[in-house]
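Enquirer: Structure provided below as structure tokens; questions to follow.
No lab work stands behind these numbers, since they all come straight from the coordinates. Everything quoted here is computed from the prediction, not taken from an experiment. Heads up, the Cβs are rebuilt from the backbone with ideal geometry, glycines too, and the neighbour counts pull from every protein chain shown.
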Amino acid sequence: MRTRSTMRRRIARLASALSAFALAFGALAIAAPAQADVVNAEMPFKVSGNVQNQGKPVAGVTVTLTGAAGYTATVATDADGKFVAGVPAKEADYTVTLDETTLPEGIAVIDNPATTFVEANVQTVTVGPGGRATMNFFIGQGERHTTSFVDQVVQRLISGLNFGLMLALASVGLSLIYGTTGISNFAHAELVTFGAVATFGLVALMGPGLLWLAIPIALILSAGLGWGLDAALWAPLRRRGMGLVQLMIVSIGLSLGIRYTYQFFIGGSTEQLPGSDAERFKLFGSVTLSITDIVSMGLSVILIVAFALWLSRTKIGKATRAISDNPSLAASSGIDVDGVVRIVWIIGSVLAGFSGILWAYFRPGIRWDMGGQILLLIFAATTLGGLGTAYGALVGSLIVGVLVEGSSLFIPSDLKYVGALVILIGILLFRPQGILGRKERVG
């Protein structure tokens, strides 16, 4: 009996202790501050932020994050106006968009110094080496800023032309190399990256104020790289009579080797060139451009016109076209094929290097794999215009650039490159030789 009584007392004490613990835990839970709404908590790195109006938190505001490799996440602010989203990579850029339709009536995003496009409710944040990034939205009394569909179309058209002109510089060089040698050079992407990386290194040595000098020196180095690659690798392989498939495989291996050499020296972070944060100004309506955009487009047009004059008016340019049409006939006519090919490699590398500099401003930022990000678009533009035709590469690049930027009005921006490639496939089903290409005679 005593044993049972003792057991009952112990059970009663345990129950009382558990009840007291539950009450204490409940009180702590009530007293503890609310935690921020978290999505993708299992991911190792975090982007967090606050949405407040005059120091007061705004709850229930929807925020969307997008990044490279198709990353996307949507999170809502908690009672304290806070949100946290897990992201897959550090030292990477993420676009954070606040849905203004979820803000209370009468308030809007009124000012945002980190705006990267037209809308003030869009910010780009970089997750640094520490693995975290924090940002704030500036909101208050005011009208919500919206962009009309017409202005969006015009903005995308201008961005598409800018992107297309940049793409054309790289595509023309690739097309020339293919036309004179028959090589599908996958290492052309690394020539694009080299121009940006060389400029960044020179600016680091000479200072941001000498950017105007760093760019020409980087282009000279790009020319030296193209000359060196042809003299040390491609010319000996051509003399050995190596097949085009083997040459393509060599170019893939060369691309990987150079790409990871870039990563070894500059790391995996994104670097910026001076002027990448240039202020945008309005053209009309909500259409904006920066001085960097205008200079980029102007220099692209000047280079393309100069190249077209070189190709059509100079002796070497005419010899280049002759070799592209028929290398054997050109050689029998007394043209120094190897010498012309060497010049083509130099010019193609310079155009690719300058394209990389413009691409660094358009992205914006320099990465070790930046050339590889647009390699398929370069091939798509070259194929669409007609393999081996420089003017075809120009036309194809402009079409691809406008399609890529314009398609984001209707499809998610992460899929805009896919849309351009789908259209490419559709066109080639009806015209396999490309827009300006010629039909090949078989037999």
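Enquirer: Report the gain in length on full extension from Q263 to L211: 0.36 nm times residue separation, minus Cα-Cα distance, nm rounded to one decimal. Show your work: numbers first, answer last.
Expert: Values: separation 52, 0.36 × 52 = 18.72 nm, distance 2.28 nm.
Here the answer is 16.4 nm.
Enquirer: Something else about it: How about K416: which lysines have a C-alpha closer than 26 Å to its C-alpha, ignoring those fewer than 8 places off in the same chain?
Expert: In chain and number order, the partners are K90, K282.
Enquirer: Which value in nm describes the separation of the simple spin-label points at E42 and D99, placed 7 Å from the Cα toward the beta carbon?
Expert: Label-label distance for E42 and D99, simple model: 2.4 nm.
Enquirer: Between beta-carbons, use under 9 Å as the cut-off and find the net charge around E405, counting Lys and Arg +1, Asp and Glu -1.
Expert: +2
Enquirer: In addition: Set the Förster radius R0 to 45 Å, insert the Cβ-Cβ distance between I316 and D277 as r into 1/(1 + (r/R0)^6), and round the FRET efficiency to 0.05. Can you show the working numbers first?
Expert: Details: r = 41 Å, r/R0 = 0.90.
My answer for the efficiency is 0.65.
Enquirer: Taking the Cβ-Cβ separation of I427 and N50 as r and a Förster radius of 45 Å, what is the calculated FRET efficiency to the nearest 0.05?
Expert: E(calc), rounded to 0.05, equals 0.40.
Enquirer: Let me ask something else about it. Distance from a point 7 Å along Cα→Cβ of V154 to each backbone N in region 284-322: keep the residues under 16 Å and list them by number.
Expert: Correct set: 284-290.
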